[in-house]
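The values are calculated or read from the model by the stated rules, or taken from the named source; none is laboratory data. Note that this is a predicted model, so its numbers are computed, not measured. Here Cβ is always computed from backbone atoms with ideal geometry, including for glycine, and neighbour counts include all displayed protein chains. Accessible surface areas use protein heavy atoms only, side chains included; no ligands, DNA or RNA. Shrake-Rupley method; radii C 1.70, N 1.55, O 1.52, S 1.80 Å.
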Amino acid sequence: MEKLLLNSELCDGCEDCVGACEGLHGVSRMTIHDLEDTHFSIHCQHCEDAPCALICPTGAMSVDQIDVTKCIACGFCALACPFGAVSVKYNNAHKCNLCKDKEEGPACVRACSKRALTLVDMDDLKAKKQKAHIDKLSGLGKKPKSKGLIGILTADTRARKPYDEV
């Protein structure tokens, strides 16, 4: 499953992504919030058990899109979304669908001049993080310890301490 991630260290809050989304869809399906000079994006997280889809009385809402022919703009989906990523405007609900209908990918990612937004395959990201953690635990990701005099002295000092103090 792909997800949109924002690197808040790279984002400067220019909102080019919001403008690109609004230009493409007529309504921006994401917002950028500033909290103590750090920027965060609010967009659909495509929840596995999407509360917005569960509460929709007409079945218009799904995990990654909205059937506008069924949507009655009741707003239940917007109330149920734990992220505040669903909006109701112009007699329809709106949420990010990662521009799945666009061959070139999400407009917001292409519009981000700082490259703060990226589309990431979560399964690949999870596998990389697990491998890094396993490497760290097994010592593969660890730098070799210094074999100099200080390393020997500190190892000897640690060895002489009672077990409960280490």
XL table LYS100/LYS126; LYS70/LYS95; LYS70/LYS102; LYS95/LYS128; Cα-Cα > 20 Å flagged, in table order, is LYS100/LYS126; LYS70/LYS102; LYS95/LYS128
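Within 14 Å, Cβ to Cβ, of ARG115, how many net charges do the neighbouring residues add up to if Lys/Arg are +1 and Asp/Glu are -1? Present the calculation step by step, with values, prior to reporting the outcome.
Working: positive: ARG110, LYS114; negative: GLU9, ASP12, ASP16.
So the environment of ARG115 carries a net charge of -1.
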Over the stretch 1-130, with neighbouring protein chains present, the accessible area per residue in Å² at probe 1.4 Å is 60 Å²
Carbon and sulfur atoms account, in whole percent of the 1.4 Å probe accessible area of the stretch 1-59, for 49 percent
Length gained if ASN7 through ASP67 is fully extended, taking 0.36 nm per residue and subtracting the Cα-Cα distance, is 18.5 nm
